[in-house]
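A short write-up of the structure that comes next.
Values in this text are rule-based calculations from the coordinates and carry no lab data. No experiment lies behind these values; they were computed from the predicted model shown. Using ideal geometry, Cβ is built from the backbone for each residue, glycine included, and neighbour counts are taken over all protein chains shown.
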Amino acid sequence: MTHWREGVAYLQVRPHSFHQLRVVKATQRPPEIVESGCVVVKVRLRIPDRAFAPLQPEATVTVPEELVQHPIVVEAVDPS
């Protein structure tokens, strides 16, 4: 049976060149301030324990378009 380790990361990414992204910042909590031109992507990582053997694991993660959520930012104004 495979044992896993899980974690969450928040990546701030921006378009870099044709079909490429640049990761600007990675944090374990949602950022309070988003860098200009960036979007925040929440990534849940699930890595098998044996990946922590002395090697360099690598993965490619594709986010389907239907899973993209656009947060709505609202500024409250006191009407008085």
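Pull up region 6-30, narrow it to residues that are basic (Lys, Arg) and out of contact with any His (no Cβ under 8 Å at 6 or more places or on another chain), then point me to the one that is surrounded by the fewest Cβ atoms within 10 Å (Cβ to Cβ). It would help to see each step written out before you state the result.
Keep residues of region 6-30 that are basic (Lys, Arg), which gives 14, 22, 25, 29.
Of the ones still in play, those that are also out of contact with any His (no Cβ under 8 Å at 6 or more places or on another chain) are 14, 25, 29.
Details: 14: 13, 25: 14, 29: 8.
The selected residue is 29.
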Subset of region 17-33 [within 12 Å of the chain's Cα centre (by Cα) and assigned to a loop (DSSP other than H, G, I, E, B)]: 28, 29, 30, 31
Pairs where the first residue, in region 34-50, is under 15 Å from residue 60 (Cβ atoms) and the second is acidic (Asp, Glu) and not in a loop (DSSP other than H, G, I, E, B), C-beta under 9 Å, 6+ apart: 45/6; 46/6; 47/6
Among the candidates 14, 44, residue that is more than 11 Å from the chain's Cα centre (by Cα) and of a type in the set (Lys, Arg): 14
